[in-house]
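S.K.: Here you go, one structure.
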Amino acid sequence: DAKTTQPNSMESNEEEPVHLPCNHSTISGTDYIHWYRQLPSQGPEYVIHGLTSNVNNRMASLAIAEDRKSSTLILHRATLRDAAVYYCILRESGGTSYGKLTFGQGTILTVHP
Amino acid sequence: NAGVMQNPRHLVRRRGQEARLRCSPMKGHSHVYWYRQLPEEGLKFMVYLQKENIIDESGMPKERFSAEFPKEGPSILRIQQVVRGDSAAYFCASSPRQGDYGYTFGSGTRLTVV
């Protein structure tokens, strides 16, 4: 299984940008980079995903390094509702493992008022 | 457009009983995935199903656990003869088909075995 490395925890202040890093040095050429977050007592929530180019959506931006060995999830203005565990996942793109997301420990984001 | 629906939200079973967890995917989604989250642990993949087919069950325990996704109706995760170690949150996710999609997760079923 492809592996990712994330900091255990990060802190931010409300209304400030947050940059959540992820290393994935063993990524293969066709693996997609997915980000999910999980609020307490809830199921994971899809945030964003990308392959090579940077991506933007209403929730966040995803910046992918040119060599694809790392990526950064950017929350432009953190709110208290963004406090969650953020997971960076490589989605395997081939064979029967296609559907499997391998969750790591993620980054616990704390947002201070 | 309803999201992924899981029921029951909470389920209490005595040791040795059976637990049946149901998952209705989003409308138009034909791929379903089950994950388990043990207390204070991360999410672990269990099984990936399409309508009437099991595609990948590499994360399923070899005994007592089974899953199905019939042509009609929800996907069912069945745990026979539950033990205390089965106590966990079970999440279901769905996607429309294979491809470049994010998954939509349900709110989960929290199983407690007493």
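S.K.: Project the alpha carbons of the range B:1-104 onto their principal axes and report the range along each, largest first, in whole Å.
M.R.: Reported extents, whole Å, longest axis first: 38, 29, 26.
S.K.: Another one. Would you work out which of B:G59, B:H29, B:G16 lies farthest towards the positive end of the dipole of chain B, given +1 charges on the beta-carbon of Lys and Arg and -1 on that of Asp and Glu, about the Cα centre?
M.R.: Working it through, the farthest residue towards the positive pole turns out to be B:G16.
S.K.: Which FRET efficiency, nearest 0.05, do B:V12 and A:D67 yield, Cβ-Cβ r, R0 41 Å?
M.R.: FRET efficiency, B:V12 to A:D67: 0.25.
S.K.: Report the Stokes-Einstein translational diffusion coefficient (µm² s⁻¹, integer) for chain A, Rh taken as the Kirkwood radius over Cα pairs, at 4 °C with viscosity 1.567 mPa s.
M.R.: Approximately 92 µm²/s, per Stokes-Einstein.
S.K.: Another question about this same structure. Compute the relative contact order of chain A as a whole-number percentage, counting only Cα pairs closer than 8 Å that sit 6 or more residues apart in sequence.
M.R.: 37
S.K.: With an 8 Å Cα cut-off and a minimum separation of 6 or more residues, compute the relative contact order for chain B in percent.
M.R.: Relative CO of chain B lands at 37 percent.
S.K.: Based on alpha-carbon centroids, what's the gap between the range A:31-82 and the range B:25-69 in Å, whole number please?
M.R.: 24
S.K.: Among B:A89, B:L43, B:Y101, which residue has its Cα furthest toward the positive end of the charge dipole of chain B, with +1 on Lys/Arg Cβ and -1 on Asp/Glu Cβ?
M.R.: My answer, from the dipole projection, is B:A89.
S.K.: Take the Cβ-Cβ distance between B:V114 and B:M5 as r, set R0 to 30 Å, and report the resulting FRET efficiency rounded to the nearest 0.05.
M.R.: Using R0 = 30 Å, I get an efficiency of 0.70.
S.K.: Which whole number gives the average, over all residues in A:39-49, of C-beta atoms from other chains lying within 10 Å of the residue C-beta?
M.R.: Mean partner-chain Cβ count within 10 Å for A:39-49: 5.
S.K.: Evaluate E = 1/(1 + (r/R0)^6) for B:S87 and A:Q105, where r is the Cβ-Cβ distance and R0 equals 25 Å; express this FRET efficiency to the nearest 0.05.
M.R.: Values: r = 21 Å, r/R0 = 0.82.
Efficiency for this residue pair is about 0.75.
S.K.: Just report the Cα centroid separation between the range A:2-16 and the range B:71-94, whole Å.
M.R.: The range A:2-16 and the range B:71-94 have Cα centres spaced 31 Å from each other.
S.K.: Largest first, please: the extent of the C-alpha atoms of the protein assembly as shown along each principal axis, to the nearest Å.
M.R.: Largest first, the protein assembly as shown extends 49, 39, 34 Å along its Cα principal axes.
S.K.: What does the charge dipole of the range B:33-94 about its Cα centre add up to, to the nearest 20 debye, if the Cβ of each Lys and Arg holds +1 and the Cβ of each Asp and Glu holds -1?
M.R.: 100
Values quoted throughout were computed directly from the atomic coordinates according to the rules given, and no laboratory measurement underlies them. Please read these numbers as outputs of a predicted model, since none were measured by experiment. Don't worry about glycine lacking a Cβ; one is built from the backbone with ideal geometry, like all the others, and counts go over all protein chains shown.
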